[in-house]
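K.L.:
Pasting a structure below so you can have a look.
The values are calculated or read from the model by the stated rules, or taken from the named source; none is laboratory data. Keep in mind the model is a prediction, meaning the values are calculated, not measured. Reconstructed Cβ throughout: ideal geometry from the backbone, glycine too, with neighbour counts over all protein chains shown. With ligands, DNA and RNA removed, areas are computed over all heavy atoms of the protein, side chains included. Shrake-Rupley method; radii C 1.70, N 1.55, O 1.52, S 1.80 Å.
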Amino acid sequence: TKTISKCYVQVTGMTCASCVANIERNLRREDGIHSILVALMAGKAEVRYNPAVIQPSAIAELIRELGFGATVMENCGEGDGILELVVRGMTCASCVHKIESTLMKTNGVLYCSVALATNKAHIKYDPEIIGPRDVMQVIKDLGFTTSLVKKDRSASHLDHKQEIRQWKRSFVVSLVFCIPVMGLMIYMMVMDSQLSDAHAHHNMSSEEMEALHSSMVLEYQLLPGLSVMNFVSFLLCVPVQVFGGWHFYIQAYKALKHKTANMDVLIVLATSIAFVYSFVILLVAMAEKAKVNPVTFFDTPPMLFVFISLGRWLEHVAKGKTSEALARLISLQATEATIVTLGPDNVLLSEEQVDVELVQRGDIVKVIPGGKFPVDGRVIEGHSMVDESLITGEAMPVAKKRGNTVIAGSINQNGSLLISATHVGADTTLSQIVKLVEEAQTSKAPIQQFADKLSGYFVPSIVAVSVVTLFAWIIIGFVDFEIIEKYFLGYNKSISTAEVIIRFAFQASITVLCIACPCSLGLA
């Protein structure tokens, strides 16, 4: 039978469900991976794999290649205790061998590997038989010093502050440049309608003359073929394309490199095509020294970027809220414990402060008034009132005496207690709750799985539709030009029919692309 191991990978940089689908789809294809479950909120992927074929580090590398940050989470072994130690004082391979062979002989140690280069030891043990302090003692007796690898307790990977800042910045930049572009656009529309009215009546009032005059300022050509309006729009559009769109470009590039298309690709396609097309048309007009100003789409990219970055910003704010709840839960855990040794008749012989991770089953832990319970346990001496509201929601303190159980993270109020540890590390109630919350965020509703499936096909199909639109209109135009004349009102008679057709076809296909972008918000 194949052995199946399970590992957890911490993933950063996921923005929405289609990122999750992207990672899951790509990793399922790889050899040696049986199943993968990705939690968007917890930023965590649970992978079941065949260790003979693939290693966790390779799995993390696969995720990194998709354009996300990924690190293997070492401290997630369920069932077996896993211990990561820093071992100092090793000089050569024989030291490593000495430690490994001694530990493997020790009852309860299942697996052990020591790396000389990094000074790290990785040990799996059976918590029923042996605990982390015993393991450290064995290594100490061999003449080396050990300490725990410090884990990141702050749950910083649940912090969306940086992304929130980044999208907010992107939104503000786009907005600042978008407002003038939109203003110009609306102004031109109003002026155009006033002008056409004036032309219809032939007798212009003085206001209409002024209107004509002011719109002439915007249509005034700085260089032949380059109007003030187009030039200003172009200047406003460049910073949005660069600063507002920077992040989209990076993500889209990473997605395309892996032959997948996500929402970023669609956004980048629409804005870049609109921008490049407008820019080229301007250059052509300047080269032809055209009398009539060409129709450009410089207003499209800023407006799109404004909507999309606003959506992303709101999304991250919402995610930050949920993740904050998780981070708060995690922060309730105590960090240190006071372990005591008892003589006959429960006489205190000695006490020492240790890291919570070093508390073993069966240890006697002393909790002073006002202290947090570091682990789940049973009271063996003392009586006190305990605030367990974090688990039960009950504001009144609960009386505890000998034989009662206590819960990690709850607060001891007035008396000193000695407890015997029953659940430690990842098995405490609090850790289990944190784990459940993370898992609840991992598991997907059926509708969500459906949406993920859709978004995989959505982008390519939209691009296909817009290409079809382009060619369809070109063909229609050359077959029957009158249809285009009917829909493309504003064109002036001085340009060739071929150019009119191609411009109209481009306008139609860019419109398809641009309209499809907000759908991505809906899907997200």
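K.L.:
Are there helices (runs of 4 or more DSSP H) fully within the stretch 419-524 with at least 3 residues that are modelled with pLDDT under 80 and touching a strand residue (DSSP E or B) at 6+ places or on another chain (Cβ under 7 Å)? List them.
P.N.:
Numbers: elements: 429-442, 446-479, 481-487, 497-523.
Correct list: 429-442.
K.L.:
Oh, and also: Do you know which residues across the stretch 283-321 are part of a helix (DSSP H, G or I), more than 39 Å from the chain's Cα centre (by Cα) and surrounded by 20 or more Cβ atoms within 10 Å (Cβ to Cβ)? Don't jump to the end; show me each part of the working.
P.N.:
To start, the set of residues in the stretch 283-321 that are part of a helix (DSSP H, G or I) comprises 283-288, 300-321.
Still in the list and also more than 39 Å from the chain's Cα centre (by Cα): 283-288.
Ala285, the sole residue that qualifies.
K.L.:
Sort out which residues of the stretch 23-45 are open to solvent by 40 Å² or more (accessible area, probe 1.4 Å) and touching a Phe, Trp or Tyr at 6+ places or on another chain (Cβ under 7 Å), and write them in order of number.
P.N.:
His34
K.L.:
When residues of the stretch 373-401 are filtered for being at pLDDT 90 or above and crowded, with 19+ Cβ neighbours inside 10 Å, how many remain?
P.N.:
Matching residues across the stretch 373-401 total 7.
K.L.:
Another question, then. Does Glu74 fit the bill of being at pLDDT below 90 and charged (D, E, K, R)?
P.N.:
Yes, satisfied.
K.L.:
Check the stretch 432-445 and report whether any residue there is in contact with a helix residue (DSSP H, G or I) (Cβ under 9 Å, 6 or more places away or on another chain), open to solvent by less than 50 Å² (accessible area, probe 1.4 Å) and under 25 Å from Asp134 (Cα atoms).
P.N.:
no
K.L.:
Looking at the stretch 232-245 only, could you name the residues that are open to solvent by 30 Å² or more (accessible area, probe 1.4 Å), in contact (Cβ under 8 Å) with a residue 60 or more places away in the chain and within 20 Å of Ile164 (Cα to Cα)?
P.N.:
If the condition is that a residue be open to solvent by 30 Å² or more (accessible area, probe 1.4 Å), in contact (Cβ under 8 Å) with a residue 60 or more places away in the chain and within 20 Å of Ile164 (Cα to Cα), then Phe243 is the only one that fits.
K.L.:
May I pose another question? Can you tell me which residue in the stretch 93-128 is farthest from the chain's Cα centre (by Cα), limited to those that are modelled with pLDDT under 85 and surrounded by fewer than 13 Cβ atoms within 10 Å (Cβ to Cβ)? Even if it seems obvious, please write down each step before you answer.
P.N.:
At the first step, the residues of the stretch 93-128 found to be modelled with pLDDT under 85 are 93, 116-118, 126-128.
Within this subset, residues satisfying the condition of being surrounded by fewer than 13 Cβ atoms within 10 Å (Cβ to Cβ) are 93, 117-118, 128.
Details: Ala93: 42, Ala117: 33, Thr118: 30, Glu128: 38 Å.
The qualifying residue farthest from the chain's Cα centre (by Cα) is Ala93.
K.L.:
Just to be sure I understand, how many residues within the stretch 253-264 are assigned to a helix (DSSP H, G or I), crowded, with 22+ Cβ neighbours inside 10 Å and of a type in the set (A, V, I, L, M, F, W, C)?
P.N.:
So the count comes out to 2.
K.L.:
Moving to a separate point now. Kindly list the number of the only condition in (1) assigned to a strand (DSSP E or B); (2) free of Cβ contacts under 8 Å to residues at least 60 places away in the same chain that fails for Glu61.
P.N.:
Of everything listed in (1) assigned to a strand (DSSP E or B); (2) free of Cβ contacts under 8 Å to residues at least 60 places away in the same chain, Glu61 misses just condition (1).
K.L.:
Checking Met396 against (1) free of Cβ contacts under 8 Å to residues at least 24 places away in the same chain; (2) out of contact with any strand residue (DSSP E or B) (no Cβ under 8 Å at 6 or more places or on another chain); (3) outside any loop (DSSP other than H, G, I, E, B): exactly one of these is not met. Which one?
P.N.:
Every condition holds for Met396 apart from (3).
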